[in-house]
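**Student:** Sharing a structure below in structure tokens format, with a few things to ask.
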Amino acid sequence: MTERTAAVTRETAETEIEVVLDIDGDGDATVETGIGFFDHMLTAVATHGLFDLTVHCDGDLEVDDHHTVEDVAITLGTAFEEALGEKRAIRRFADRRVPLDEAVAEVVVDVSGRPYFTFDGEFSQASVGGMTSHMARHFLRSLATNAGLTVHAGVSGDNAHHEIEALFKCLARALDDATRVDDRRSDTPSTKGDL
């Protein structure tokens with residue numbers, strides 16, 4: 001099988017980012033964004049998706065967390081798009097639910113090449129560990145847009161830490177399922193012949 005890896009950099013007046021992704025990894029992560037809770041969430045994506053992931057971000061955290069979270073999502077989404085290449089023989093679709101104590105998250109993914117995102121739910125607290133809670137939703141939207149994914153996501157609970165962590169773990173499991181190679185298939189999983 002061809003290696004499904006990508007190394008992507010992004011530099012703006014607001015952030016400098018390097019992302020290295022191996023879709024067929026072991027779950028190893030080295031993450032430094034300057035936001036402890038966000039680092040924890042990205043590490044969870046690597047761990048539960050079995051992706052090898054390196055993320056280094058120097059962002060304008062003196063402003064707030066928005067540019068860092070958004071630009072990491074853009075860069076990681078671009079890395080997924082590049083690493084998947086022609087998307088030959090992938091499973092393409094996935095549907096996962098993941099609990100964390102009282103919280104439950106759901107993520108449905110289509111590696112369609114057509115970016116679309118919808119979200120159902122609210123976060124119970126405004127922020128967790130230096131990360132604004134609504135940025136979790138924005139992260140998923142930016143990732144879906146730049147990776148060419150259709151993503152339907154939702155969460156319920158009463159603790160924002162649990163809600164966001166369940167959501168990121170659920171995203172990881174869904175992406176792992178959808179990007180796996182199906183040994184029964186050699187072509188692109190589409191009647192169009194292209195994604």
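What follows is calculated from the coordinates using simple rules that are stated; it is not laboratory data. These figures come from a predicted structure and were not determined experimentally. Reconstructed Cβ throughout: ideal geometry from the backbone, glycine too, with neighbour counts over all protein chains shown.
**Student:** Read phi for every residue in the range 58-63 and hand back ³J(HN,Hα) as whole Hz from Karplus 6.51 cos²θ - 1.76 cosθ + 1.60, θ = phi - 60°, with x for Gly and Pro.
**Tutor:** Whole-Hz 3J(HN,Hα) from phi for the range 58-63: 10, x, 7, 5, 5, 7.
**Student:** Hey, can you grab everything whose amide H is under 5 Å from the amide H of E102? Only 5+ residues off in sequence or another chain; H modelled, so Pro and N-termini drop out.
**Tutor:** So E102 has HN proximity to no qualifying residue.
**Student:** Separate question: How big, in percent, is the set of alpha carbon pairs in the range 150-189 lying more than 12 Å apart?
**Tutor:** 66 percent
**Student:** If you line up the long axis of helix 66-84 against the longest principal axis of the chain, both from Cα atoms, how many degrees apart are they, to the nearest 10?
**Tutor:** 10 degrees
**Student:** Taking the alpha-carbon centroid of each part, what is the distance from the range 70-89 to the range 127-195 in angstrom?
**Tutor:** 12 Å
**Student:** Moving on to the next point. Which loop-located trypsin sites (Lys or Arg not before Pro) does the range 146-191 contain, where loop means any DSSP state but H, G, I, E or B and the Cβ has at most 12 other Cβ atoms within 10 Å?
**Tutor:** Those that pass, being in a loop and sparsely packed, are R184.
**Student:** Find the Cα radius of gyration of the chain, compare it with 2.2 N^0.38 Å by division, and give the number to two decimals.
**Tutor:** Dividing the Cα radius of gyration by 2.2 N^0.38 Å gives 0.97.
**Student:** Taking H as built 1.01 Å from N, whose amide H comes closer than 5 Å to the amide H of S133, not counting residues under 5 places away?
**Tutor:** HN-HN under 5 Å from S133: S127, V128.
**Student:** For the residues S133, S186, S142, S156, what sequence is obtained by ranking on other C-beta atoms within 10 Å, fewest first? Before the final figure, lay out the partial values.
**Tutor:** Details: S133 18, S186 9, S142 22, S156 15.
With the sparsest Cβ surroundings first, the list reads S186, S156, S133, S142.
**Student:** Gain in length, A7 to S186, computed as 0.36 nm per residue apart minus the alpha-carbon separation, to one decimal in nm? Kindly include the intermediate steps, with their values, before the conclusion.
**Tutor:** Numbers: separation 179, 0.36 × 179 = 64.44 nm, distance 2.55 nm.
Additional length available on full extension: 61.9 nm.
**Student:** Using a ≥ b ≥ c from the Cα gyration tensor of the range 98-144 (square roots of the eigenvalues), is it rounded, prolate or oblate, where a/c under 1.5 gives rounded and otherwise the larger of a/b and b/c decides, a/b for prolate?
**Tutor:** Taking the square roots of the gyration eigenvalues as a ≥ b ≥ c, the range 98-144 is oblate.
**Student:** Something else now. Mind checking the angle between helix 160-179 and the chain's longest principal axis? C-alpha axes, 0 to 90 degrees, to the nearest 10.
**Tutor:** Value to nearest ten degrees: 10.
**Student:** Kindly provide the Kirkwood hydrodynamic radius of the range 60-143 in Å, to one decimal, from all pairs of distinct alpha carbon atoms. If you can, show how the numbers build up before the last one.
**Tutor:** Working: mean 1/r = 0.0676 Å⁻¹.
Answer for the range 60-143: a Kirkwood hydrodynamic radius of 14.8 Å.
**Student:** Enumerate the amide H contacts of I90 below 5 Å, restricted to partners 5 or more residues apart or on another chain; note that Pro and chain-start residues carry no placed amide H.
**Tutor:** D182
**Student:** Go from 0 up to the bin containing the longest alpha carbon distance in the range 102-195, width 5 Å each, and give me the % of pairs per bin.
**Tutor:** Once binned at 5 Å, the Cα pair distances of the range 102-195 give 3, 14, 23, 21, 16, 11, 6, 4, 3, 0.
**Student:** Using unit Cβ charges (K, R positive; D, E negative) and no other charged atoms, how large, in debye to the nearest 20, is the dipole of the chain about its Cα centre?
**Tutor:** 1100 debye
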